[in-house]
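The values are calculated or read from the model by the stated rules, or taken from the named source; none is laboratory data. A quick note: this is a predicted structure, and the numbers were derived from the prediction, not measured. As a convention, Cβ positions derive from the backbone with ideal geometry for all residues, glycine included, and neighbour counts pool all protein chains shown.
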Amino acid sequence: MAPTAHPTGATTRLTILGGGGFRVPLVHAALLADPHRQITHLTLHDTDAGRLAAVRAVLAGQALAATASPTASAGARPGPEITATTDLDEALRGADFVFSAIRVGGLAGRAADERVALAEGVLGQETVGAGGIAYGLRTVPVATDIARRVARLAPDAWVINFTNPAGLVTEAMSRVLGDRVVGICDSPVGLGRRAARAAGVDPDAVRLDYVGLNHLGWLRGLHVAGRDVLPGLLADTAALTSFEEGRLFGPDWLRALGALPNEYLHYYYFARETVAAHRAAERTRGAFLHEQQTRFYAATHPDPEAALRAWDATRAEREATYMAENREAADAGERDPSDLESGGYEGVALALMRAIATNEPTRLILNVRNRTTLTALDADAVVEVPCLVDASGARPLATDPLPPYATGLVTAVKAVERQVMAAAETGSRAAAVRAFALHPLVDSVHVATRLTDAYADAHPGLAHLRGQQSAVRSR
């Protein structure tokens, strides 16, 4: 049967889970700027009514600003009709698209993840290493429950997952929803655009050869009109060090790889220096964001214009301090203004929804089931690769095999993700310990065992993973 597309002018409903999240206004801004007005109704769901109210005030400020814009059409409605609810089932019913951007345990949980890992001398970043494992252990059960509810209440809906760890969570949800869940991330898009500008070509005219897992991928080619301009960029030291990744990794290492790594690979390639910088920092990234956003939500004024100004100022501070410890470890200096540009996850989400709704084929880098794309992984493994999207969904495009230096890392991290899913689904402590012990950034089974116990102590939802000796000590 041929795929069907939404007719022009049809009602299209988008539900955002985590609708009180700080980055929701980015999605709303993209909807306001969308000339096609493809989303007519927007439902925000969150477990915290106060956060929902704060975000709705920001969105109202954005709508007012859009209406006042010189380019606004007279009498035109600037964006979708918005509703908010704390009832998950109500939010899902009737949805055409479900955008999942939840944070199980909140930023306080992220700060705890970082603190526990650093106490053991290992990395606690929320998607990489011990912190990513802990986050996955408590997020996979919630994401799986959401997938089951979607299957029951909105079986025709497409789920767009931005919940971290994005690749792991997308794979867990795909076990329920199959190909109707697609993971997105802004890192590959941001890397590709920065690299294209540094190479002196139009970012919109470049075809990216990118391959890997979420937050574990490599840009292997920048193709313009059939010509790969990446080798020229790698050979030009001035151009290579003019953008974030070039300064983070250094030209010598990038030339050794013959590729541009995703920024998150800095945690792997410079693990010792990064851990030292994180341990020396006044506070972790999670603690900083927790304090910052607590202030924002507490102080947000119900006046839409004031709320929007407060959000803009908070976001600018957030972007400027992104990966600050890694830049310190690499002696990369402050972020360049061009590096502050969002990778555009909201734009990726909009393009994905439009391709599905209109059946207009679009090429995007997405997190999808592997099928036969990467021979080092099985068909159900979720990978991050270029895809062709239309009304039938997202299908990975054929690509060259992983380079040898990437194969071991990708397969090791995928094995860790599978252990996280096993532990989350079965409650197995042994699987949780294996997940920590097998990760390339955890250097000891004894450390893995202590991490399992410490996270069980830190998060009530993981208490079942606590070992007997830890339970005795905690009493």
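A few points about this structure:
- If the condition is being more than 18 Å from A280 (Cβ to Cβ) and modelled with pLDDT of 95 or more, then segment 111-126 contributes A112, D113.
- The residue pairs whose first member lies in segment 97-112 and is under 14 Å from R23 (Cβ atoms), whose second member is assigned to a strand (DSSP E or B), and whose beta carbons are closer than 6 Å, counting only pairs six or more residues apart or on different chains, are F99/I16; F99/I160; S100/L17; S100/N161; I102/L17.
- Restricting segment 363-398 to residues that are surrounded by fewer than 16 Cβ atoms within 10 Å (Cβ to Cβ) and β-branched (V, I, T), the residue that is farthest from G178 (Cα to Cα): T375
- Qualifying residue in segment 137-146 (condition: surrounded by fewer than 21 Cβ atoms within 10 Å (Cβ to Cβ) and in contact with a His (Cβ under 8 Å, 6 or more places away or on another chain)): yes
- Of all residues making up segment 126-161, the number that are out of contact with any Phe, Trp or Tyr (no Cβ under 6 Å at 6 or more places or on another chain) and of a type in the set (F, W, Y): 1
- L123 touching a residue at least 24 places away in the same chain (Cβ under 8 Å), within 27 Å of P304 (Cα to Cα) and surrounded by 18 or more Cβ atoms within 10 Å (Cβ to Cβ): no
- Counting only helices (runs of 4 or more DSSP H) that fall entirely inside segment 192-306 and contain at least 1 residues that are in contact (Cβ under 8 Å) with a residue 40 or more places away in the chain, within 25 Å of T170 (Cβ to Cβ) and hydrophobic (A, V, I, L, M, F, W, C), the qualifying elements are 285-299.
- Restricting attention to segment 267-317, the residues that are under 17 Å from G21 (Cβ atoms) and among the β-branched types (V, I, T) add up to 3.
- Some residue of segment 295-305 being among the acidic types (D, E) and under 27 Å from A66 (Cβ atoms): yes
- So V348, is it at pLDDT below 95 and over 30 Å from R283 (Cβ atoms): yes
- Taking the criterion of being buried (at least 19 other Cβ atoms within 10 Å of the Cβ) and over 15 Å from G18 (Cβ atoms), the residues of segment 148-158 that qualify are A154, A157, W158.
- Lone qualifier among T163, T170 - being touching a strand residue (DSSP E or B) at 6+ places or on another chain (Cβ under 6 Å) and in a helix (DSSP H, G or I): T170
- Residue satisfying all of: in segment 173-191; part of a helix (DSSP H, G or I) and of a type in the set (A, V, I, L, M, F, W, C); surrounded by the most Cβ atoms within 10 Å (Cβ to Cβ) among these: M173
- The one condition in (1) closer than 28 Å to P460 by Cβ; (2) among the small types (G, A, S); (3) crowded, with 23+ Cβ neighbours inside 10 Å that A195 fails to fulfil: (1)
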